[in-house]
1. Filter the stretch 330-369 for residues that are part of a helix (DSSP H, G or I), at pLDDT below 80 and buried (at least 16 other Cβ atoms within 10 Å of the Cβ) and give the result.
2. Within the stretch 32-65, take every residue that is closer than 21 Å to Leu242 by Cα and either hydroxyl-bearing (Ser, Thr, Tyr) or free of Cβ contacts under 8 Å to residues at least 12 places away in the same chain (or both) and give me the one that is surrounded by the most Cβ atoms within 10 Å (Cβ to Cβ).
3. Checking the structure you have, find out if any residue of the stretch 248-267 is assigned by TED's automatic domain parsing to the domain that holds Ala95, modelled with pLDDT of 90 or more, of a type in the set (Val, Ile, Thr) and out of contact with any helix residue (DSSP H, G or I) (no Cβ under 7 Å at 6 or more places or on another chain).
4. Answer with yes or no whether Ile167 is crowded, with 21+ Cβ neighbours inside 10 Å, assigned by TED's automatic domain parsing to the domain that holds Ala121 and farther than 25 Å from Trp40 by Cα.
5. Give the stretch 116-149 a look and list any residue that's in contact (Cβ under 8 Å) with a residue 40 or more places away in the chain and within 22 Å of Pro86 (Cα to Cα), or say none.
6. Can you pull out every residue in the stretch 167-189 that is in contact (Cβ under 8 Å) with a residue 60 or more places away in the chain and in contact with a helix residue (DSSP H, G or I) (Cβ under 9 Å, 6 or more places away or on another chain)?
7. Pull out all pairs, ordered by first then second residue, where Cβ-Cβ is under 9 Å, the residues are six or more apart or on different chains, the first lies in the stretch 87-101 and is more than 13 Å from Arg156 (Cβ to Cβ) and in the same structural domain as Ile158 (by TED's automatic domain parsing), and the second is crowded, with 19+ Cβ neighbours inside 10 Å and of a type in the set (Gly, Ala, Ser).
8. Can you pull out every residue in the stretch 161-179 that is among the polar types (S, T, N, Q) and under 27 Å from Thr67 (Cα atoms)?
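The values are calculated or read from the model by the stated rules, or taken from the named source; none is laboratory data. Keep in mind that this is a model prediction, so the values were computed, not measured. As a convention, Cβ positions derive from the backbone with ideal geometry for all residues, glycine included, and neighbour counts pool all protein chains shown.
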Amino acid sequence: MSQELDKSAMGGPAGHAVDAELPGPVLRCLADVEPREVQWLWPGRVPLGRISLLVGRPGEGKSFLTTDMTARVSTGRTWPDGSPCPGGSVILVSAEDDPHDTIRPRLDAHGADVRRVHLLATVRRRGERGRLVEAMFTLEDLPALDEALQRQPDCRLIVIDPIGSFIGGGTDSHRDNEVRAVLAPVAQLAERYGPAVLIVAHRRKSAGTIADDLAIGSRAFTGIARAVWHLTRDTDDKRRRLLLSGKNNLAPEGTGLAFDIGGIPPAIQWEPGPVNLRADDALAAESEGGGDGGALAEATDFLRAELAHGRKAGSDVKAAAKAAGVSARTLDRARARLGVVAAPDGYRGPWTWGLPNHIAPDSANAVKVSTLANSDRFGEVWPTGEARSPEGGRPC
């Protein structure tokens, strides 16, 4: 959106004033920019005044999740992880669910204050002969969204579900420049009025190793979002949904959360603890097959059998796994599933692996693999302060 320029001198040092009515670069000195902290709707997860992205396959529970979030914002209830939630109104831009038999019953089931929830589905436009007609809202109707935010000054959350229905007929969702041309003004509105904008996107069917790359459409969707969250099913329990982190430009990478959907009428039931899994890890589990017949289950059975009679050198177990056709990544995930404990065999001795019920030779230096398998740096700091690798006693 263009801004009216101040006609006074700007952008140049003393004695070198710039005429604001002439074309040219607009420079802003960072000394004139006041630093400020990021404001959060859901601390560490969903920022206020910014766009966030929720990605998942159809039927995973994305709309249930946005309903739960809407209910919490409308009442000011705390988030599932116990963090505070600023109360306010919510604008739902929804296309796939009926407001009478789906949206309102779900809001009621989650305890929403429906007086603070508003559905934006259509806009009135001048048609033939100047008559007002209603047409489906799209993000190309930016003045309508601007006016909606003016009418709801306490708006804390805008949900756009799904983005493919509202991107606008004149926009190719697979072209970066066209997607950014539509979403950048939405981001500016969010910054001006302060609500979090949560865009819901479907996930493509093709395989991959980076979860953020699987959102349908241009990479501009994940590029313009400041936080990306992925909703998927647990490969070992299809009723269990996992909310896992992708990119987050404004906070450290956070832990995931888990829930299932149950009751009459159905509603989200959150698990109390965190999930130490990233979206990329869940994607790897899917590609390995998951479930009882998948590569992870086979690797888990292999590792359990290898360690059934006591501790073994980690290098020997790795060699046996390679010979059995178990990949290093799948072996690491099997170690995490079994809670394998890695510890040196005596001071500076070779590292051995053992099941939790097998006492480690040096319990003070034991490393429980389940806490490390989801870490980017698979290493440990010894009591002496020397950085060590959990294999072979070599420095990291």
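1. Asn365, Val369
2. Among those that are closer than 21 Å to Leu242 by Cα and either hydroxyl-bearing (Ser, Thr, Tyr) or free of Cβ contacts under 8 Å to residues at least 12 places away in the same chain (or both), it is Ser63.
3. yes
4. yes
5. Matches in the stretch 116-149: Arg116, Val117, Leu145, Asp146, Ala148, Leu149.
6. Taking the stretch 167-189 as the starting set, the residues that turn out to be in contact (Cβ under 8 Å) with a residue 60 or more places away in the chain are 183, 185-188.
Listed by number, the residues that qualify are Leu183, Pro185, Val186, Ala187.
7. Correct list of pairs: Ser94/Ser63; Glu96/Ser63; Asp97/Ser63.
8. Going through the stretch 161-179, the residues among the polar types (S, T, N, Q) turn out to be 165, 171, 173, 177.
The answer is Ser165, Ser173.
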